[in-house]
Amino acid sequence: MLKQRIITALVLAPTALAGIIWLPPLPFAIFMGIIICASAWEWARLAGLEGLQRWAYAAVLAIILAAIYLLPHSLKLWLLWLALPVWLINIVLVVGYPDSTRYWRLRSIRAVMGLVMLAPAWLAINMLSDMAVGTYLILLLLFSVWVADIGAYFSGRAWGDRKLAAHVSPGKTWAGVYGGVAAALSVTWLFAAIFGILEPGNLLHWVWFGALGLLTATISVIGDLTESMFKRYAGVKDSSQLLPGHGGVLDRLDSVIAALPFFTLMVIQMNL
C-alpha cells in the first residue's frame, strides 16, 4: 500500500504542477475539467447512480463546464457567489447528520448537490488562473489546504480528545482543527511573502492574507466532512480506486473543492 501511494504521488504531483504552471488558459481549463469530471464520476457513486448513469452524470457536468466557460466574466462572478450558500448549507447538514439525511437521501438531490459543488470549484480555479499572479495563488491554495490537513493530523493525535463530528468522521477533533488552521495561517503568510504577493510593510496585506489562511483552512474542513458524510451514508471507504493507494480523486480534492470559491472571491476582493 505504501509503495503504491508513493508511486502514485510521484506521478501525479509533477503532472499537476506542470499543468498549473505551464498550461495556457484553454488547455488548463480542459485539464482541470477532466479532473473535475473524474470527481463527478466518483460523486455519482455516492449519489446512488450506477453503471452508465455515472458516465452520463460526468458528461452532464462536462457540458455545464463548457457552457460556463463561454459566459461573460460578470455572470461567472455571480455564479461563484452562489456557491457560498451551498457550502454553508453543507455545514448544517454535517452538524445535523444523521438526522439531516431526510433532506438529501433522494438520488436526484444528491446528484444536484454534486453539480453545484463541483462546477463552482472548476470555475474558481480558472478565474484564479487568469489573474496576473494566478499560478502563485493556486499553489498557495493547494499548499494551505494540504498543510492544514497535515497540521490537523499531528495536533489531533497529540491533543485531540473532543470530537468534531463524531457521527460523520470519528477521527477528527477540535484540536486537529485548531492545529490545521494555525499551520495554514503560517504557511499562507510565509508563501505569500516568499513569492512577493504579500508586501511586508503593508499591514492590511498581513490582515487580508491572515484572514485568507483562516478561511481556507476552515472551509477545507467542511469539504472533507461533507464527502465523509456522503461516503458514510453510501457505506463506502473511498470514492473510487482511480488513484492506487490514495482512493479516488474526490478523496484527495474534497477540501480543495470546498475552499476554491471562498478563496477566489476573497482574492478578488483583495485586488491582487
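Applying a threshold of 6 Å to beta carbon distances and a minimum spacing of six or more residues, or different chains, the list of pairs starting in segment 47-71 at a residue that is buried (at least 16 other Cβ atoms within 10 Å of the Cβ) and ending at one that is in a loop (DSSP other than H, G, I, E, B) reads TYR57/LEU49. Among the residues of segment 107-115, none qualifies, meaning not one is among the aliphatic types (A, V, I, L, M) and exposed (fewer than 11 other Cβ atoms within 10 Å of the Cβ). If you filter segment 175-204 down to residues that are buried (at least 18 other Cβ atoms within 10 Å of the Cβ) and free of Cβ contacts under 8 Å to residues at least 24 places away in the same chain, you find that the one that is farthest from ILE268 (Cα to Cα) is ALA175.
Hey, can you tell me all the residues within segment 215-264 that are assigned to a helix (DSSP H, G or I), in contact with a Leu (Cβ under 6 Å, 6 or more places away or on another chain) and either open to solvent by 10 Å² or more (accessible area, probe 1.4 Å) or of a type in the set (S, T, N, Q) (or both)? Correct list: ALA234, VAL249, PHE262, THR264. When LYS163 is tested against (1) within 21 Å of LEU93 (Cβ to Cβ); (2) open to solvent by less than 60 Å² (accessible area, probe 1.4 Å), exactly one condition is not met: (2).
Summed over segment 178-214, the residues that are of a type in the set (A, V, I, L, M), under 23 Å from the mean Cα position of the chain (by Cα) and under 16 Å from ILE138 (Cβ atoms) give a count of 5.
The values are calculated or read from the model by the stated rules, or taken from the named source; none is laboratory data. Please read all numbers here as calculations on a predicted model, not as lab measurements. Cβ: placed from backbone, ideal geometry, glycine included. Neighbour counts: every protein chain shown. With ligands, DNA and RNA removed, areas are computed over all heavy atoms of the protein, side chains included. Shrake-Rupley method; radii C 1.70, N 1.55, O 1.52, S 1.80 Å.
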